[in-house]
Each structure stands twice: as C-alpha cells, then as structure tokens.
Amino acid sequence: MKILYFGSVCDEEWFDTVSSKKSMPSQVAQYMFEKALVSGFSDIENIDMNIYYLYQESYYPKGTYLRFKKRIKKLNNKYTVRYLSNINLPFVKEIFSFFQGLTLTMIWGLENRNNDQKIILTPFNYTPLSLGIYLASKVFRIKRVNIFTDLSSDILSLKRQKDMPRFKKFLLPYYKRLVDFIEHNYDGYVLFTEPMNQKVNPFNNPYLVLEGIFNNTLNLDQVKKEKAIMYAGTLAFEYGVKNILDVFEKIEDDHLQLWLFGDGDMKGYIEELCQRDSRVHFFGFKPREVVFEYEKKATLLVNIRNPQDEYTMYSFPSKTFEYMVSGTPFLTTKLKGIPEEYLQYLYIIEEIDILKQKIQDILSKPQKELDNFGLNSRMFVLKNKNSNIQTRKITEMIEKQVICNKFE
C-alpha cells in the first residue's frame, strides 16, 4: 500500500531544537504520537510512505520569514521526511500551503495512478494545506483518511481567539465553515474518542477509535520513590490544574511535595504559590526523558480535569500512556474520553469535591500495593497500545473499509 503523509513528524535533531525554544507540551504530544505511528508503519513490509513535514509558526517577524528549502532528512531505517517550505506572511502563508498541498498530491497521484492500493493520511487538519490535498484527491480519485487527535472547534475556541490579529477574527466565521467542510468529507476517520464521531463524521464513513500510540523509548528501570504528587503537561486553568493546587494546599503534611512540569497560562500563579508553600516545586518545561524519571520517582501522578467540561468528551489526555507506563499510580477524574477498559488500571474520582480524601486514601496504601498497581497499568499499555498493534488496526481499517469503498 502507498501512503502520502502530511504531518508533524520530523528528525529528532530538528524536533529537539524546536521544542526547546517553544516549550509547548501539546507539540511534544503530537510529535511523540506521530513518531510512534510512522515507526509502526515502517515495521509493516508492504507499506511505502512519502512523508512531508509541515512546521507551523507565527507570522514574520515573530517567526522566520522563509522556512526550509528542499530539506530532506532521514527519519528511520526505512523512510525519509521532506520539509515543506513556508513564507510566514499573512495570506501568503495560507495560499502557499494550499498550492503545496495541491501540487504535491497531484504529482504523487500521477506517479501512482496505476496503483489501486493508495491512500492520503494526515494526522491533523491544517485547512489551507488540506484544501489543496482535497481538490487534488478528487481529480485523481484518491481516498483520504484523517487522524483526529483533537477537534478544530477546541483550537478555534473563544479563549484562543483573543490574541488573533483583527483580520483573522473577521475571517474566522468563513474559515470555520471551510474547516467543517474539510473535516466532514474524509473517506475514513481515526478518532481519539468515540464521541468525536458525531462531530466530524456526519456521513457515517468508516472510522476507528484509537486513543493513541505508545512506542516506548524510555528507561523503565526502577528508581527510589519519593513522597510526591506530580502533574506534567499544559499548565492551564481550563485543564483543571488549579484543582490540584487548591487541594494540595489543604493537605497538612510537611513531607509531601507537589512537582509541576510544563508551561501555560498558570505559570505566574504557580510561581507565586511556590513562594507561599515550600513543598511546591515548579520545574518548567523539561525534556521528556527528564520528566519521565520524575514520574517514576513520584508516589502519585494526577490529572484532574472537570468531567462536566464538554471538551473532555473529545480528547484522550496525551499524558495518560506515559503516566501509566511510568509504573506510578495515576489518579484522574472519570472523563468521557477514557474508555472503560482503562478504568481498572487507574484510580478514578467522579467528583472533584472528594479529591483531597482520595489523594490521602491512596497515599495511605502500602507502597508494595501501589507498586503492583502501577506495574499492571504499565503492562496494559505496553501490550495493548504499542505502535505495532495500533498501526495494524489503522492499516486493516484502511484496506478493508476505506480503499475497497468505490467512489460514487
């Protein structure tokens, strides 16, 4: 099978450079998912991929005026990645991306016109690029599958519109219609949660629910435990991080620490809290390997989002797999985006009001019991959510349900 792939996967050297400058947990999560995805495909003998990387950044002068010129890098032993160029000026950037998507898809379509086993696969919907791909795919009658790690409606939320330039706010309603049109017209869908299907797949095309992929490259050696609660990820009020801070301040235990990793709109608030409470330690944005070592050392990992928030139906928290693989017990609210099969491997609360009591109950358990609980969680992810298993599910869905469906 031939796959034309547009995404965020790149060589590790470039990713390390970008992530150290931007400090964006969401970009790290997307990269790690796509890296595991492509790794899984590379282990399947009959799959050949043409991979293109799109680096998204702010308009010039915040971003670089011109990005990349025919840059090609080795991705793994099987595939290389070609870096798409960008001219970071308003409108020019979007038009340039549209024509790149259109031209590259048409060239690839011509080269593979006699191959019936071909597909276009994208792990995000950048609309200017996607529109070009869409038009070319219709000309060459090529099926398209998109992986929805989140929804564009979350990305285009009112809160995120505040910092938009005026011209973008004016065009946003029209742009949103175009986003919806593209999202609703894929030939197949890979979704991170079941409720996503009602949002993006109105024509009931083939779909697969796949919460993510974990391809382990981390050190799983046991380390000495410390009495600490830990959160790592986007430090945002909307993600319920303040719930953790408020409850921790109420726990009277001088030996208990709170470790916080990441970046976001709560950074200033957290720095003030560190001044008030010496038990709170803020580490900022650190490399994944460093964060994982702390995850192994902690006694409890937490992610306390409000189950009543609508967005929790349409997202599977990106840190879930890594938390579980660390071997440290993970406490989370019962979110609609987390399938039932996970619940026996997680500590769950249904209401935020009982968070303090639940944390204290878990911390009072014997360490051996906590260790066994964490190891069971680790084995569940490593056995059932690795790149080989998850990518084969995608491949089977594409081959059996998408490619075989004829164009009307």
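Coordinate-derived values only; no laboratory data. All figures in this text were calculated on a predicted structure; none of them were measured in a lab. Here the Cβ positions follow ideal geometry from the backbone for every residue, glycine too, while neighbour counts run over all protein chains shown.
Computed with the Debye formula from one identical point scatterer per Cα of the range 228-384, without solvent, the log10 of I(q)/I(0) at q = 0.08, 0.09, 0.13 Å⁻¹ comes to -0.20, -0.26, -0.56. Relative to the longest principal axis of the Cα atoms of the chain, helix 367-384 runs at roughly 10 degrees. Extension gain for Arg113-Asp221 works out to 33.9 nm (0.36 nm per residue, less the C-alpha to C-alpha distance). For the cross-link pairs Lys250/Lys286; Lys199/Lys286; Lys176/Lys358; Lys73/Lys267, the ones whose C-alpha atoms lie over 30 Å apart are Lys199/Lys286; Lys176/Lys358; Lys73/Lys267.
Restricting everything to alpha-carbon atoms, can you work out Rg to Rh for the range 320-389 with a Kirkwood hydrodynamic radius? Ratio of gyration radius to Kirkwood radius for the range 320-389: 0.99. Within the chain, antiparallel bridges make up roughly 10 percent of the DSSP beta bridges whose residues both belong there. In degrees, nearest 10, range 0 to 90: what is the angle between the Cα axis of helix 92-111 and the longest Cα principal axis of the chain? The angle comes out at about 60 degrees.
Going from the fewest other Cβ atoms within 10 Å to the most, the residues His281, His255 appear in the order His255, His281.
Note on the range 218-316: Cα convex hull, mean projected area over all directions, 6.9 nm². Of the peptides 323-336, 47-60, the order by per-residue mean of other Cβ atoms within 10 Å, starting with the highest, comes out as 323-336, 47-60.
Placing pseudo-labels 7 Å out from each Cα toward the beta carbon at Thr64 and Phe282 gives an inter-label distance of 3.1 nm. On a 0 to 90° scale, report how tilted helix 12-22 is relative to the longest principal axis of the chain, with both axes built from alpha carbons and the result rounded to the nearest 10. Taking the Cα atoms of the chain, the angle to 12-22 is about 60 degrees.
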